[in-house]
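A.B. asks: Here you go, one structure.
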Amino acid sequence: MSLSYQTTLIPRGAYTAVQLSANQENDLQRGVMLSLHVFANPGGAETLTIQLIELGQAGNADQVIGSLATAAATNGTWRLMWYPGASTAMEGNHHKTYSQRLSRRWRVNIAHSSTGSWTYRVDADLLH
């Protein structure tokens with residue numbers, strides 16, 4: 001596994017509702033490491049969920065193929081890794097691994113459990 005390139009999918013900002021990245025086209029990459037960086041949270045029991053979505057083709061519906069929820073009222077970084085043969089040994093509260101090849105067309109969704117304001121950014125490291 002080697003790093004192909006890094007990009008920001010959702011820029012740092014204060015958000016109160018679902019955020020979707022632009023659609024992504026996978027040319028040669030086998031996987032991706034998504035990083036959700038939370039800088040400020042609304043407190044209480046609210047959470048965010050980072051979702052990797054495979055885009056449907058020829059009339060097929062989009063499908064969530066991986067997800068990871070944040071801890072309530074917590075700042076930090078959560079990582080969702082999608083790569084064939086990846087080990088789940090690194091998994092924990094802030095890291096989830098799927099041992100699968102990245103789809104051809106995909107995007108990222110950040111789901112909010114309520115309407116509180118969160119400040120965050122989502123980055124992607126595309127992997128060969």
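Please treat every number below as a calculation from the coordinates, not as lab data. Here the structure is a predicted model, which is why all the values come from computation and not from measurement. No Cβ is skipped: glycine too gets one built from the backbone with ideal geometry, and neighbour counts run over all protein chains shown.
A.B. asks: Out of the residues in the range 98-128 meeting the condition of being outside any loop (DSSP other than H, G, I, E, B) and of a type in the set (G, A, S), tell me which one is nearest to the chain's Cα centre (by Cα).
C.D. replies: A124
A.B. asks: Here's another thing I want to ask about it. Looking at the range 27-45, which of its residues are touching a Lys or Arg at 6+ places or on another chain (Cβ under 9 Å) and either within 22 Å of S87 (Cβ to Cβ) or basic (K, R) (or both)?
C.D. replies: Residues satisfying the conditions are R30, G31, M33, L34, S35, L36.
A.B. asks: Tell me which of these N60 doesn't satisfy, since it passes every other one: (1) surrounded by 15 or more Cβ atoms within 10 Å (Cβ to Cβ); (2) more than 15 Å from N26 (Cα to Cα).
C.D. replies: The one condition N60 does not meet is (1).
A.B. asks: Working only within the range 8-65, note down all residues that are part of a loop (DSSP other than H, G, I, E, B), farther than 22 Å from W118 by Cβ and not acidic (D, E).
C.D. replies: Answer for the range 8-65, where residues must be part of a loop (DSSP other than H, G, I, E, B), farther than 22 Å from W118 by Cβ and not acidic (D, E): N23, N26, L28, Q29, R30, L55, G56, Q57, A58, G59, N60, A61.
A.B. asks: Follow-up. For the structure I just gave you, tell me whether A124 is of a type in the set (A, V, I, L, M, F, W, C), surrounded by 14 or more Cβ atoms within 10 Å (Cβ to Cβ) and more than 29 Å from T16 (Cβ to Cβ).
C.D. replies: Working: of a type in the set (A, V, I, L, M, F, W, C): yes; surrounded by 14 or more Cβ atoms within 10 Å (Cβ to Cβ): yes; more than 29 Å from T16 (Cβ to Cβ): no.
It is false that A124 is of a type in the set (A, V, I, L, M, F, W, C), surrounded by 14 or more Cβ atoms within 10 Å (Cβ to Cβ) and more than 29 Å from T16 (Cβ to Cβ).
A.B. asks: From T74, T88, T70, which residue is without any contact (Cβ under 8 Å) to a residue 40 or more places away in the chain and either in contact with a helix residue (DSSP H, G or I) (Cβ under 6 Å, 6 or more places away or on another chain) or under 18 Å from L127 (Cα atoms) (or both)?
C.D. replies: Values: T74 fails: either in contact with a helix residue (DSSP H, G or I) (Cβ under 6 Å, 6 or more places away or on another chain) or under 18 Å from L127 (Cα atoms) (or both); T70 fails: either in contact with a helix residue (DSSP H, G or I) (Cβ under 6 Å, 6 or more places away or on another chain) or under 18 Å from L127 (Cα atoms) (or both).
The conditions single out T88.
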